[in-house]
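Worksheet: one structure, shown below.
Throughout, read-outs are computed from the coordinates displayed, never taken from laboratory work. Quick caveat, the model's predicted, so the values are computed rather than measured. Neighbour counts run over all protein chains shown; Cβ positions are idealised from the backbone, glycine included.
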């Protein structure tokens, strides 16, 4: 009896480990494949059969990528919007959340109603476009930053975090004569790293990945983002009219496919770099906003 | 200022007002902070809501914001036009099928993954699988589409090359450019991208279950499957209901696996259009590309009314059926 139970457990465990291993492979392999394809000679990749490591190793794809001012510019714009968008977004969100985290705040019912209503209802894309246009934000760098500085979702997460901070911390600072601004910047922000890191990760990733605003709110070539440029190459090669990969005339062996996987690697690497640092925070941070207990 | 000079007797109107005024003055920095946010929401969330009016008007973009109020009423003309659009049937079918398929496949996936992860005793392996599984959540749809292209396209796709090399098929399968594959492709890539992410919430729910329940069940002779069925699943019930409500409420947008729009827009092309064009991509095209603002606003409005109705009704049903709900 006992033995059969142990056998059953062994079968059960094996099945689970095998399934999880397969899931892990399907999650990892696509990234790995894109990476090796970016180091393989473009014209050689088209022949197929490159599965585990680069068959015809080259750095040519990256050289072409870095020599093209279009890509470099797009990369810089993406970095710039990610850094400034995240910092400004963090600042506004945490300032507003700090105010709202005071339980004795007058009119807080009104404030919260305004926020929750905005969470569930929206005017839709077209009126939003009209508003951006009237504010003169279209076709400017500011359209990447200003409209996305405050999200109701992050606001609620930050509020519930600030409410967990012991009130004594603020009270003692008050007694020492500190104003709200001092308390906020000197005491609240430093102890709020988990929630700030979580929000920074999500805002940063959102900024970095965003392409729709670049496609529809901006016409200027100068302001195109990396994600938008990537969308352009992918859509071009994906569309049936133009399914033959167009070789880059400037450099033999580099195809639109190899350029595409190279740009994908360039856009994934920064995310993977910050991921381990922020990971330990966001599981806790996201829980604050969702399930309790 | 005037209020402060009034005699303060608790209980009288004047006293209360002056009390409130004092509190407000004490909190003035906080109200300034919050006020910033309110102004922001007013501009970027509430002004567009007024823009919904343009669905009932003959709006032209040259009118700017004011045009929303000053242009002529046309009643339900644009709603009528959409319902009689020759693409209407196709759009509604594609939108509903895509959303339903996603609920059917994407909703149970993270629950199953969480249960499996919970049975793993090697903490390092568990953490590793988990870390890997939510990585795709942070990758943009553009990259996911690029990955699909690298794997599935007819000319460079790994899958087709491998299938042909192994002799399973003589010519490449048109995964990306055939209407037959689009739904599978969209649901599959959505599950791939978001399954691990939602597992976080379900694992948190499982970790809230008291270990003594498992010990008791083990003593009573319950096997692993029995423990999952009678302890783990019931313990996750509340969370499952909340996530289901969220899913159904956002079903038209893509449910918990996010953005039907980005998928249909990026994976869609002129050949798979019969299954890939959905209401949102259509509204987007007629609105921003063709400049038919009022028509697109009307289509958007229909969709958001249905979404709001879905949130409230699924929440109501959840409350009735299980006692747990979102709000």
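I need to check one value: relative contact order of the range A:29-90, counting alpha carbon pairs closer than 8 Å and at least 6 residues apart, in percent.
Rounded, it is 26 percent for the range A:29-90.
Taking the radius of gyration and the Kirkwood hydrodynamic radius from Cα positions alone, what is the Rg/Rh ratio for the range B:173-226, to two decimal places?
1.34
Quick one: angle between helix A:2-38 and the longest Cα principal axis of chain A, in degrees between 0 and 90, rounded to 10, please.
Roughly 70 degrees between the two axes.
Quick one: what do you get for the range B:62-151 if you divide its Cα Rg by 2.2 N^0.38 Å? Can you show the working numbers first?
Working: Rg = 23.0 Å, N = 90, 2.2 N^0.38 = 12.2 Å.
Computed over Cα atoms of the range B:62-151, the ratio equals 1.89.
As an exercise, take the mean of 1/r over every pair of distinct alpha carbons in the range B:195-247, invert it, and state the Kirkwood radius in angstroms.
It is 11.8 Å.
What is the P(r) of the range B:66-216, as percent of Cα-Cα pairs per 5 Å bin from 0?
It works out to 2, 7, 11, 13, 12, 12, 12, 9, 8, 6, 4, 3, 1, 0, 0, in whole percents.
What is the order of A:83, B:242, fewest Cβ neighbours within 10 Å to most?
So the ranking, lowest neighbour count to highest, is A:83, B:242.
Three principal axis extents, largest first, for the C-alpha atoms of the range B:262-327, in Å?
So the extents along the principal axes, rounded to whole Å, are 46, 27, 16.
Go ahead and set up a Gaussian network model of chain A, Cα springs under 10 Å, then flag whichever of A:115, A:23, A:159 fluctuates most.
Among A:115, A:23, A:159, the largest GNM mean-square fluctuation belongs to A:23.
Counting only other chains, and only Cβ atoms inside 10 Å, what mean value do you get across the residues of A:104-112?
Rounded to a whole number, the mean comes out at 4.
Which of B:186, B:165, B:174 ends up with the largest GNM mean-square fluctuation for chain B, with Cα atoms connected below 10 Å?
It is B:165.
Normalised by the empirical 2.2 N^0.38 Å for globular proteins, what value does the Cα Rg of the protein assembly as shown take?
On the way: Rg = 27.0 Å, N = 620, 2.2 N^0.38 = 25.3 Å.
Expressed relative to 2.2 N^0.38 Å, the Cα Rg reads 1.07.
Using alpha carbon centroids, what distance separates the range A:33-105 and the range A:138-200, in Å?
Centre-to-centre distance over Cα atoms comes out at 27 Å.
Express in whole angstrom the spacing between the alpha-carbon centres of the range B:250-320 and the range B:144-191.
25 Å
Over the range B:128-189, calculate the relative contact order: mean separation of alpha carbon pairs under 8 Å at least 6 apart, over the residue count, as a percent.
Working: 42 pairs, mean separation 13.6, N = 62.
Reported as a whole number, the value is 22 percent.
If packing is taken as the average count of other Cβ atoms within 10 Å, what order do B:96-103, A:4-11, B:71-78, A:257-264 fall into, highest mean first?
Top of the packing list down: A:257-264, B:96-103, B:71-78, A:4-11.
Using the count of nearby Cβ atoms within 10 Å as a rough guide to exposure, how do B:148, B:289 rank from fewest to most?
Ranking B:148, B:289 by Cβ neighbours within 10 Å, fewest first, gives B:289, B:148.
Angle, helix A:108-120 long axis vs. longest principal axis of chain A, Cα atoms, 0 to 90°, nearest 10?
Long axis of A:108-120 versus the principal axis of chain A: about 20 degrees.
Calculate how steeply helix A:226-238 sits against the longest principal axis of the alpha-carbon atoms of chain A, using the helix alpha-carbon long axis, and give the answer as 0 to 90 degrees to the nearest 10.
Value to nearest ten degrees: 40.
Report, to two decimal places, the Cα Rg of the range A:123-196 normalised by 2.2 N^0.38 Å (N = number of residues).
Scaled against compact globular proteins, the figure is 1.59.
Taking Cα pairs under 8 Å and at least six residues apart, what relative contact order does the range B:1-147 come out at, in percent?
9 percent
Taking only the alpha carbons of the range A:168-242, what extent do you get along each of the three principal axes, in Å, biggest first?
71, 24, 14
How much mean residue ellipticity at 222 nm does chain A get from its helices, if each DSSP H run of length 4 or more adds -39500 (n - 2.57) and you divide by all residues, to the nearest 500 deg cm²/dmol?
-22500 deg cm²/dmol
In whole angstrom, how long is each semi-axis of the equivalent ellipsoid of the range A:89-144, when you take the square root of 5 times every eigenvalue of its Cα gyration tensor and sort them from largest down?
Over the Cα atoms of the range A:89-144, the semi-axes work out to 28, 16, 8 Å.
Within a 10 angstrom radius of the beta carbon, how do A:102, A:174, B:122 rank from fewest other beta carbons to most?
B:122, A:174, A:102
Mean projection of the alpha-carbon convex hull of chain B over all orientations, in nm²?
Mean shadow area of the hull around the Cα atoms is 28.4 nm².
Starting from one equal scatterer on each C-alpha and no solvent at all, send me the Debye-based log10 I(q)/I(0) for chain A at q = 0.07 Å⁻¹, two decimals.
-0.41
From the gyration tensor of the Cα coordinates in the range B:102-185, what semi-axes in whole Å does the equivalent ellipsoid have, largest first, with each one equal to sqrt(5λ)?
Semi-axis lengths for the range B:102-185 are 31, 16, 14 Å.
Determine the shielding of peptide B:281-287 by partner chains: average, over its residues, the number of Cβ atoms on other chains within 10 angstrom of each Cβ.
That works out to 2 on average.
Report Rg (one decimal) and Dmax (nearest whole number) for the range A:46-99, counting Cα atoms only, units Å.
19.9, 60
Just need the Rg to Rh number for the range B:13-96, please, alpha carbons only, Kirkwood Rh.
Numbers: Rg = 22.3 Å, Rh = 17.1 Å.
That ratio equals 1.30.
Tell me, what are the semi-axes, in whole angstrom and largest first, of the equivalent ellipsoid of the range B:160-264 as set by the roots of 5 times the Cα gyration tensor eigenvalues?
They are 39, 22, 9 Å, listed largest first.
For peptide A:24-33, compute the average count of partner chain beta-carbon atoms within 10 Å of each residue's beta-carbon.
5
List, largest first, the extents of the alpha carbons of the range B:1-143 along their principal axes, each in whole Å.
69, 60, 30
Under a GNM of chain B (C-alpha, springs under 10 Å), which listed residue has the highest mean-square fluctuation: B:276, B:212, B:140?
Of B:276, B:212, B:140, the most mobile in the Gaussian network model is B:212.
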